[in-house]
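What follows is a set of notes on a single structure, which appears directly below.
Taken together, the values in this text are just the output of simple stated rules run on the coordinates, not laboratory data. Note that the structure is a prediction, hence the values are computed from the model and not measured. Here the Cβ is made from the backbone with ideal geometry for all residues, glycine too, and neighbour counts use every protein chain on show.
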Amino acid sequence: MEAVRNITIALFLVSCTLLFIAADNLEYLKETFGVKLKENKDVSGSQEFLNSVFFSVDRENQPMVVNSKKVIVQNSSGKIILMAPFGSVISTDETFEYEGDSGEVIPSKDQINLFGKVKLKKTDLTITGEEMSVLQKSQKAVLKRSVNTRARTSNGNKIRLKSVNAHFDGELGIVRYEKNIRGNLSFANKSFSPPMAIQSEKLAYYLNSGKMILEDKVKIDRDNIHLTAQRGSIFLNKESRDVNYFELNDDVRFSEKFTASNGQSILRTGLSQKLEGFGFQRKLVFSGFPKLKQLDDLIQGNKIVIEESNELVEIINTNSKFKFNQSR
């Protein structure tokens, strides 16, 4: 068996020599260890290995490792094709596993391209897409087309995000989503954190802290509250992922329809430069030239404070603070 293995390795090293000549992207030392399946004798020429581990060492002796059920080495083109590849990247103190239906290796860039049903996952988070590029040396990955994210905490809270693309940065522990982002945050304890539907064109999700930063055409819907702005942040509890606090900035627009304590239906609208929201208190604070319209009254002040589904309005001016009830 040892002799067979030595012959297999020797044959592959010969093929690697041909690859050095044939392709610029194979400029480093490369070895593939596995059970050699066959060697094609057609014009292109290729070798196939089963249950293989592709291993590459760059000039700084940083390894790139990817597992694959089958590796096809095309001698003429220098392509290294992977069937059912899988491996892992490190994010701060956590390991993310990746997989795909097929792929290819670009050793000179420490890059693995995966195709088909691609997946990047850890215990409580899974991100899927149609294509993924993994840069193992820098611990980064880019997922493209129909990207879906699903996360679930131990207490039953759920995060769902959809986007066109996503960029995973393992060193920083951030996933940056791009284009047509739609998401839902649902919570086991709905009295503490009602479900939230979110939209934006950019979203950065900080995996360790639970913070989300939204940019461009931001929308948040929570119960009967509808909010729009240009920028926003959502701060989730680090452990439970309940909403502790959220903030919107730049051209904030607000609307809410609710039933007052006297049974009257009220449509309340407003605008400001900043809005702060709180989870358990269900309180909203408007600042930055806020204006609020409730029934026939236009309300203004340095700050305006309301509770969701409650007609009571608190106005805070520079030298005064008073409350009044708008129910009729």
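General observations
- Overall form of the range 120-161 per C-alpha gyration tensor (a/c, 1.5; a/b vs b/c): oblate
- Residue-count net charge about H167 - beta-carbon cut-off 11 Å; Lys, Arg +1, Asp, Glu -1: +2
- Potential extension, M83-R150 segment - 0.36 nm per residue separation minus Cα distance: 21.6 nm
- Stretching the chain fully between S261 and K179 yields a gain of 25.4 nm (0.36 nm per residue, less the alpha carbon separation).
- Projected label distance in nm at D169 and K137, using a 7 Å step from Cα toward the beta-carbon: 1.9
- Per residue, the average separation of C-alpha pairs within less than 8 Å and at least 6 apart gives the range 151-241 a relative contact order of 23 percent.
- Too-long pairs where the Cα-Cα distance tops 28 Å, listed order kept, from K69/K211; K69/K162; K158/K303; K122/K162; K179/K303: K69/K211; K69/K162; K158/K303; K179/K303
- Across the range 169-310, Cα pairs under 8 Å and at least six residues apart give a relative contact order of 15 percent.
- In this rough spin-label picture, where each label sits 7 Å from Cα along the Cβ direction, the S108-N189 distance is 5.6 nm.
- Cα gyration tensor, the range 143-299 - rounded (a/c under 1.5), prolate or oblate: prolate
- The range 199-268 - Rg (one decimal) and Dmax (whole number), Cα, Å: 14.4, 45
- Electrostatic tally near D101: other residues with Cβ closer than 13 Å to its Cβ, Lys and Arg +1, Asp and Glu -1, net 0.
- Neighbours of P85, meaning other residues whose beta-carbon lies under 10 angstrom from its beta-carbon, give a summed charge of -1 when Lys and Arg score +1 and Asp and Glu score -1.
- With 20 Å as the limit on Cα-Cα distance, the pairs of K144/K202; K119/K140; K121/K144 all stay inside it.
- Nonlocal amide H pairs with E311, under 5 Å, H built at 1.01 Å: S261
- Lysine-lysine proximity count for the range 215-291, Cα under 18 Å, sequence distance 8 or more or distinct chains: 9
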